[in-house]
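See below for the structure under consideration.
Taken together, the values in this text are just the output of simple stated rules run on the coordinates, not laboratory data. Predicted model, so just to flag it, every value in this text is computed and none were measured. No Cβ is skipped: glycine too gets one built from the backbone with ideal geometry, and neighbour counts run over all protein chains shown.
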Amino acid sequence: MAKPVKDKKIKGNIWEYVVGKKQEDQEAKGHPAPFPCELVRDHIKSWTNQGDIVFDPMCGSGTVARVATEMGRQYIGTDISHEYCEIARKRVKLIADAPALFIVE
Ligand SMILES: C[S@@+](CC[C@H](N)C(=O)[O-])C[C@H]1O[C@@H](n2cnc3c(N)ncnc32)[C@H](O)[C@@H]1O
């Protein structure tokens, strides 16, 4: 098992993530190199505000689009592979169709 990441640690210049173990990351199965959702979440939180548009020109399994949707951002995602775009669409739909109890900030 991967070592758990401390949730109370103040972020420094090196951000650490458990890769590929969480359910939300398992959704990307079929893509060989997806980002962990948590990494994308930290970047979207750091660099954007609610309603902003996040553009990922090589979106692969759609982690950026998925997390942007979850966090109340808009997104544009492109990828050279139709197969990966299809994985991305399914992941975004899972989030978009889920009842919105609250928006992650
Ligand atoms: C490291 S993966 C991105 C993974 C993505 N962040 C995720 O979480 O799934 C890089 C992606 O770039 C795509 N790619 C490579 N060349 C490209 C190009 N010329 N235009 C668009 N996408 C490209 C690949 O198909 C691959 O999905």
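Between residue 82 and residue 14, the simple label model (points 7 Å from Cα in the Cβ direction) yields a spacing of 4.3 nm. Build a GNM of the chain with springs between Cα atoms under 10 Å apart, and of 33, 65, 88 the one that fluctuates most is 33. Sequentially through region 77-91, phi angles give Karplus couplings (6.51, -1.76, 1.60; θ = phi - 60°) of x, 10, 8, 5, 9, 4, 4, 6, 4, 5, 4, 4, 4, 5, 5 Hz, Gly and Pro residues having no value and appearing as x. Restriction of the chymotrypsin sites (Phe, Trp or Tyr not before Pro) in region 52-105 to DSSP coil positions whose beta-carbon has at most 11 other beta-carbons within 10 angstrom yields 102.
Considering only 74, 50, 23, the mean-square fluctuation computed in a Gaussian network model of the chain, springs between alpha carbons under 10 angstrom, is largest for 23.
If Rh is defined by the Kirkwood formula over all Cα pairs and Rg also comes from Cα, what ratio Rg/Rh do you get for the chain?
0.96
Extending 7 Å from Cα along the Cβ direction at residue 98 and again at residue 21 yields two label points whose distance is 2.0 nm.
The fewest-to-most ranking of 47, 15 by surrounding Cβ atoms within 10 Å reads 47, 15.
For residue 93, go through the lysines and keep the ones whose alpha-carbon is under 24 Å away, minus same-chain ones fewer than eight residues off. Hits, sequence-local ones excluded: 21, 22, 29, 45. Computed from point charges on the beta carbon alone (+1 for Lys and Arg, -1 for Asp and Glu), the dipole magnitude for the chain about its Cα centre is near 380 Debye.
Out of region 11-57, which GluC sites (Glu not before Pro) are coil in DSSP terms and have no more than 15 other C-beta atoms within 10 Å? Provide the component values of the computation, followed by the final result.
Values: sites: 16, 24, 27, 38; in loops: 16, 27.
Those satisfying the criteria are 16.
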